[in-house]
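Colleague: Below are the structure tokens for one structure; questions will follow.
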Amino acid sequence: MNHLMLTLIGLLPLLSVMFVTHRFSRWAVVIAPLPALFAAVTLPVGTTVSLPWLLLGVEFGLDDTGRVFLLFSGLLWLAAGLAMAGNKTNEQHRARHRLFFLLAMAGNLGLIVAQDMLSFYLGFTLMGLAAYGLIAQPASQHARQAARRYLIWTLAGEMVLFVAVLMLASQHNGAVAFSALSTPTDAVVLLLIIGFGIKLALPGLHLWLPQTYAVAPASAVVVISGAMIKAGLLGWLRFLPAGETALPGWG
């Protein structure tokens, strides 16, 4: 049962995409984050599930850090979903908004419990690309401009991260589990700082952010600022070794 709950965290939002055109689909955005909240509250730390047949071997797990991120992210997605469910205007545009909302939720919640680089990267990429649809939702000229700017920065960050993942996998003889990582090279550290720094909107890497906040719907701003941006911080915690002695210069 614990393994199923851990798998449903990212899978249920993804499956809910199939029902976005149903007349009761507005409640899908409320139901989809519930497994994440249930897991954060009830599952014991150390719960894991392995899918060796998927990709290069996918691992999901819950640790202390993941529990914190899962709890506040799940609450934010639930709050935004409740706001969306209560808005019945312009139903055609609502369905499209729910589609991108659920895809971004699947990526965000899935990467939190990911215990290997590849599944984390795929969740991070799904979340980042789906957020484009949330920003462009108003369909105004300003919204489209903001969405394009966001997409350019997001694609640049994900390309940088992809190179970092390849370099890490090569450094560790193809191993992709976070548990197998050792101290990365300076080049990899720089790539990780830039890649996740774009999502975190570090000074100089934040140029996509002000216009995004100005045009995106309130429900989108809640999850972008509260949950998605924090995925960059989680990326640093997962990919970089903890402690000042590991990377004294970078620290």
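Colleague: Could you pull out the trypsin sites (Lys or Arg not before Pro) across region 1-79 that fall in loop regions by DSSP (anything but H, G, I, E, B) with no more than 13 other Cβ atoms inside 10 Å? Intermediate results must be reported in sequence, preceding the final value.
Modeller: On the way: sites: Arg23, Arg26, Arg67; in loops: Arg23.
Qualifying residues, ordered by number: Arg23.
Colleague: Can you give the three extents of the C-alpha atoms in region 185-229 along their principal axes, from longest to shortest, in whole Å?
Modeller: In descending order, the Cα extents are 40, 19, 10 Å.
Colleague: From largest accessible area down, sort His172, His142; use a 1.4 Å probe on the protein chains. Show your work: numbers first, answer last.
Modeller: Values: His172 25, His142 120 Å².
Sorted descending by solvent-accessible area, the residues read His142, His172.
Colleague: Per q in 0.19, 0.23 1/Å, what log10 I(q)/I(0) does a Debye calculation on the alpha-carbon atoms of region 175-251 return?
Modeller: Each listed q maps to, in turn, -0.85, -1.06.
Colleague: Dividing the alpha-carbon Rg of region 1-62 by 2.2 N^0.38 Å yields what?
Modeller: On the way: Rg = 13.3 Å, N = 62, 2.2 N^0.38 = 10.6 Å.
Rg over 2.2 N^0.38 Å, computed on Cα atoms: 1.26.
Colleague: With a sphere of radius 14 Å drawn around the Cβ of Ala177, what net charge do the other residues whose Cβ falls strictly inside it have (Lys, Arg +1; Asp, Glu -1)? Working shown, then result.
Modeller: Numbers: positive: Arg238; negative: Glu59, Asp63, Asp116.
Value of the local net charge: -2.
Colleague: Let me ask something else. Just Leu11, Leu166, Leu51 to compare: in a GNM of the chain, with alpha carbon springs under 10 Å, which one fluctuates most?
Modeller: Residue with maximal mean-square fluctuation among Leu11, Leu166, Leu51: Leu51.
Colleague: I would also like to ask the following. Given a 10 angstrom Cα cut-off, can you work out which residue in Ala39, Ala139, Ala231 is the most mobile in a GNM of the chain?
Modeller: Checking each option, the largest mean-square fluctuation is seen for Ala139.
Colleague: Accessible area of Ile229, 1.4 Å probe, to the nearest 10 Å²?
Modeller: About 20 Å², rounded to the nearest 10.
Colleague: Next question. Once you have all Cα-Cα distances for region 1-138, histogram them in 10 Å bins from zero and send the whole-percent values.
Modeller: For region 1-138, the pair-distance distribution reads 13, 44, 31, 11, 1.
Colleague: Just to be sure I follow the definition: excluding the sites themselves, where is the longest run in the chain that has none of the chymotrypsin sites (Phe, Trp or Tyr not before Pro) in a DSSP loop with at most 15 other Cβ atoms within 10 Å?
Modeller: That gives 54-249 as the longest site-free run.
Colleague: What's the carbon and sulfur percent of the chain's accessible surface, probe 1.4 angstrom, rounded to a whole number? It would help to have the intermediate numbers written out before the result.
Modeller: On the way: 7890 of 11460 Å².
Of all accessible area on the chain, carbon and sulfur atoms account for 69 percent.
Colleague: If you don't mind, another one. Pick from Ala40, Ala220, Ala85 the residue whose mean-square fluctuation is largest in a GNM of the chain, springs joining Cα atoms under 10 Å.
Modeller: Fluctuation is largest for Ala85.
Colleague: Here's another thing I want to ask about it. Please calculate how many Å² of accessible area the chain carries per residue, with a 1.4 Å probe and no DNA, RNA or ligand atoms counted.
Modeller: Details: 11460 Å² over 251 residues.
Counting only protein heavy atoms, the per-residue value for the chain is 46 Å².
Colleague: Where does helix 64-85 land angle-wise versus the long Cα axis of the chain, in degrees 0 to 90, nearest 10?
Modeller: The helix 64-85 is inclined about 10 degrees to the chain.
The values are calculated or read from the model by the stated rules, or taken from the named source; none is laboratory data. This is a predicted model, so every value here is computed, not measured. A quick note on method: Cβ atoms are made from the backbone with ideal geometry, for glycine too, and the neighbour counts reach across all protein chains shown. Accessible surface is based on the protein model in full, side chains and every heavy atom, while ligands, DNA and RNA are left aside. Shrake-Rupley method; radii C 1.70, N 1.55, O 1.52, S 1.80 Å.
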